[in-house]
Amino acid sequence: MFKTIKRIISWIGPYKKRLYLGTLCAFLSSWCTAVPVITAAWALNKAISNMEEGTDLTYTIVWQSLLIISVSVFLRFLLSYTRARLQDSIGTERAAEERLRIGDMLKRVSLGYFSKNSTGEILADLTSEFSQLELNGMSMINNVLNGYINFLAIAICLCLFSWQAAITAIVGVLLSALALQGINHQSKKNSPDNQKASEMLAGTVLEYVRGIPVVKSFGQEGPAFEGFRKACRESRKINIGIEKSYIPWNTLHLLALKLASVIIVLITAWHTMDGTMTLPVLLLMAMFSFSMFGNIEAINDSAHVLGMIGAAMDKIDKLEQTDFIDQDGTDIKIDSFDICFNHVSFGYGSKEIIHNASFTARQNTTIAIVGPSGSGKTTLCNLMTRFYDVDSGEITVGGHDVREFTCDSLMKNFSMVFQNVYLFRDTIGNNIRFGKQDATKEEIIAAAKAACCHEFISTLPEGYDTMVGEGGSSLSGGEKQRISIARAILKNAPIVILDEATASIDPENEHLIQQAISALTQGKTIITIAHRLATIEQADQIIVLDNGRIAQKGNHQELIMQDGIYKNFVSIRQRAEGWSIT
Ligand SMILES: Nc1ncnc2c1ncn2[C@@H]1O[C@H](COP(=O)(O)OP(=O)(O)OP(=O)(O)O)[C@@H](O)[C@H]1O
């Protein structure tokens, strides 16, 4: 438990001073809670002494008591307010910084990381794990530290009246601490199950919500909902099991403290009977005995939460230790944009997908990559942008191995337009601005005009301020495609990677998209995963992939003369597009 507290304190780093000052305020504030009780006991003691001596009760005592009580109540609120101002936002501020840092880090890891870790797992790490720290970290430190510091002060006061009562209190707290250790231990043990349940639930909910269009179109609401229901049931079962495992430790913790309270009352009663303690002190002790452990009782919940926080921190540490793909990279600016593959081989796992690929894409030329589905076209593009690292060979851009760059400095040279366009849940304007963060409104409109999407954006009620649903769900495929091209035009990178749409697009949209692509690719080095014959024929160089191997390379005229898969491919495309060789 204390180990976790130490870890949280080191995690909050620059906010430590605020945490300590807040803890001091909380400590003083809890003393202000005790002062009215002590003052009341003191006034009562005075009143009883006056009665015994036969003198009248002076109003001075009453006024003094009222004044002390009022001041301490006021001070208590002031201190509580100051503590909240100092401490309450530390977790949120720190978690926000860390989330941004990890978000930044995620764009610098190999894409293989996302295949090994499920979306639900990453989502849970960035949301619920951080929420544990963010929402509970500071209050847990406060509860535990204040609980024990207050108790120490109370134990010293008890000693002044009865060492037997003080020892009973200490034994009770030590026994309860043993139970707390048990709770903490149990909580850590339960945490993987708890995390597994929430990751599974998050992953299933994501999949269920994302898959709703498919589910509806196949009329499979029943089986899909069954998966969702199963995940909810499983999560409930795990969580009930977890709650049950705490019951014995919680009971032991409370029992130790309650027993100590009862014994302290018995000890003080015995002191009063043998005349070593006055009646007001007995009353004070009786009142105090059941509230003195209040803060320690609250640590019960803290031990449980701290166990979860400890496990959450283990996961965050693991996430933070993920290797950046570009940790040895430097900021490189290039002024030539040839791309060279030298004997590149690569596999996503143990199975090799690209075999000994070598070719050069010269600056300001168009390279079309063609080949059957699964032959490795997308993989080649993923390697030049270093989404993955090659297993052997090297890829150079502008004469530098891609492994020499930082991700940011490498990606500055690339614009990418994918078939499956992803738009962020933001305005259309901001989705286009993604290509250049400091773009002016005029630049955004100019890019949208060049990408043939200004017209349709202007007809929307809120124009460029129209919100796009997550993934671009509120727009048509052609509209999303053109917005993504506007984004790439705005970025104005010297190399463009283009994955031509294979899905049938209506002629009008196809015409607009082709116009937008022409605007994007003018004067650039273009790598296109080509499906349209018009694009393939015009390419300066065609790379024909077959099962991860470069089977042929050359221009259309050269390749069409050879017997090989290119010739077959072209005739199939011609038939598909309704063309014929003349
Ligand atoms: N992330 C991945 N993890 C494991 N294997 C993958 C991954 N991505 C692709 N593959 C495999 O690598 C091979 C090449 O895939 P790739 O997507 O590069 O082919 P492609 O030619 O672009 O296909 P298509 O034309 O259908 O898009 C395929 O066998 C595919 O199953």
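Quick one: which helices (runs of 4 or more DSSP H) sit completely within region 103-173 and have at least 1 residues that are crowded, with 22+ Cβ neighbours inside 10 Å and modelled with pLDDT under 70? First the steps, then the outcome.
Details: elements: 112-116, 119-124, 137-161.
Ranges flagged: 119-124.
If you scan region 533-557, which residues turn out to be assigned to a loop (DSSP other than H, G, I, E, B) and within 14 Å of the ligand (Cβ to nearest atom)? Steps first, please.
Just the residues of region 533-557 that are assigned to a loop (DSSP other than H, G, I, E, B), to begin with: 539-540, 547-548, 555.
Once the filter is applied, which keeps residues that are assigned to a loop (DSSP other than H, G, I, E, B) and within 14 Å of the ligand (Cβ to nearest atom), region 533-557 yields Asn547, Gly548.
Regarding region 283-290, can at least one residue be identified that is more than 16 Å from the ligand (Cβ to nearest atom), part of a helix (DSSP H, G or I) and of a type in the set (Phe, Trp, Tyr)? Before you say what the answer is, go through the steps one by one.
So the first thing to find is which residues in region 283-290 are more than 16 Å from the ligand (Cβ to nearest atom), and the list is 283-290.
Imposing the further condition that a residue be part of a helix (DSSP H, G or I) reduces the set to 283-290.
From what is left, the residues that are of a type in the set (Phe, Trp, Tyr) are 288, 290.
So far as region 283-290 goes, yes, one or more of its residues are more than 16 Å from the ligand (Cβ to nearest atom), part of a helix (DSSP H, G or I) and of a type in the set (Phe, Trp, Tyr).
Against the conditions (1) surrounded by 16 or more Cβ atoms within 10 Å (Cβ to Cβ); (2) within 16 Å of the ligand (Cβ to nearest atom); (3) over 18 Å from Asn492 (Cα atoms), where does Phe405 fall short? Just the number, please.
(2)
Do we have any residue at all in region 387-396 that's within 16 Å of the ligand (Cβ to nearest atom), hydroxyl-bearing (Ser, Thr, Tyr) and out of contact with any Cys (no Cβ under 9 Å at 6 or more places or on another chain)?
Within region 387-396, the first condition is being within 16 Å of the ligand (Cβ to nearest atom), and the residues that meet it are 387-391, 395.
Filter again for hydroxyl-bearing (Ser, Thr, Tyr), leaving 388.
Subsequent filtering for residues that are out of contact with any Cys (no Cβ under 9 Å at 6 or more places or on another chain) retains 388.
Yes: one or more hits.
Restricting to region 285-294, what's the tally of residues that are surrounded by fewer than 22 Cβ atoms within 10 Å (Cβ to Cβ) and either over 26 Å from Ile170 (Cβ atoms) or at pLDDT 75 or above (or both)?
So the first thing to find is which residues in region 285-294 are surrounded by fewer than 22 Cβ atoms within 10 Å (Cβ to Cβ), and the list is 286-287, 290-291, 294.
Next cut, either over 26 Å from Ile170 (Cβ atoms) or at pLDDT 75 or above (or both) only: 286, 294.
Total satisfying the criteria: 2.
When the residues of region 332-348 are filtered to those that are within 16 Å of the ligand (Cβ to nearest atom) and outside any loop (DSSP other than H, G, I, E, B), which remaining residue is nearest to Asp401 (Cα to Cα)? Show your work before the answer.
Pass one, region 332-348, residues within 16 Å of the ligand (Cβ to nearest atom): 341, 344-348.
Subset that is outside any loop (DSSP other than H, G, I, E, B): 341, 344-346.
Numbers: Phe341: 10, Val344: 12, Ser345: 15, Phe346: 16 Å.
Only one residue fits best here, namely Phe341.
Test Phe324 against the criterion of being surrounded by 14 or more Cβ atoms within 10 Å (Cβ to Cβ), within 16 Å of the ligand (Cβ to nearest atom) and aromatic (Phe, Trp, Tyr), and give yes or no.
Values: surrounded by 14 or more Cβ atoms within 10 Å (Cβ to Cβ): yes; within 16 Å of the ligand (Cβ to nearest atom): no; aromatic (Phe, Trp, Tyr): yes.
For Phe324, the condition - surrounded by 14 or more Cβ atoms within 10 Å (Cβ to Cβ), within 16 Å of the ligand (Cβ to nearest atom) and aromatic (Phe, Trp, Tyr) - is not met.
Please give the number of the condition Ser392 fails out of (1) at negative phi; (2) assigned by TED's automatic domain parsing to the domain that holds Lys480.
(2)
Go through region 408-420 and give me each residue that's buried (at least 17 other Cβ atoms within 10 Å of the Cβ) and within 16 Å of the ligand (Cβ to nearest atom).
Selection gives Met416, Val417.
Here is a list of conditions, (1) within 16 Å of the ligand (Cβ to nearest atom); (2) assigned by TED's automatic domain parsing to the domain that holds Glu462, and Asn431 meets all of them except one; can you say which number that is?
If we test Asn431 against (1) within 16 Å of the ligand (Cβ to nearest atom); (2) assigned by TED's automatic domain parsing to the domain that holds Glu462, just (1) comes out false.
Before we move on, is Ala312 in contact with a His (Cβ under 9 Å, 6 or more places away or on another chain) and either surrounded by 20 or more Cβ atoms within 10 Å (Cβ to Cβ) or closer than 14 Å to Gln181 by Cα (or both)? Working first, answer last.
Numbers: in contact with a His (Cβ under 9 Å, 6 or more places away or on another chain): no; either surrounded by 20 or more Cβ atoms within 10 Å (Cβ to Cβ) or closer than 14 Å to Gln181 by Cα (or both): yes.
Here the answer is no, as Ala312 does not meet what is asked.
Name the residue that is surrounded by the most Cβ atoms within 10 Å (Cβ to Cβ), counting only residues in region 349-384 that are free of Cβ contacts under 8 Å to residues at least 60 places away in the same chain and more than 7 Å from the ligand (Cβ to nearest atom).
By that ranking, first place goes to Leu383.
Tally the residues that are more than 17 Å from Tyr388 (Cβ to Cβ) and either acidic (Asp, Glu) or out of contact with any Cys (no Cβ under 9 Å at 6 or more places or on another chain) (or both), restricting the search to region 327-369.
Pass one, region 327-369, residues more than 17 Å from Tyr388 (Cβ to Cβ): 330-338, 340, 358-368.
Subset that is either acidic (Asp, Glu) or out of contact with any Cys (no Cβ under 9 Å at 6 or more places or on another chain) (or both): 330-338, 340, 362-368.
Residues that pass the stated criteria total 17.
The values are calculated or read from the model by the stated rules, or taken from the named source; none is laboratory data. Model, not experiment: these values are computed from the prediction. For neighbour counting, all protein chains shown are included, and Cβ atoms are generated from backbone atoms with ideal geometry for every residue, glycine included.
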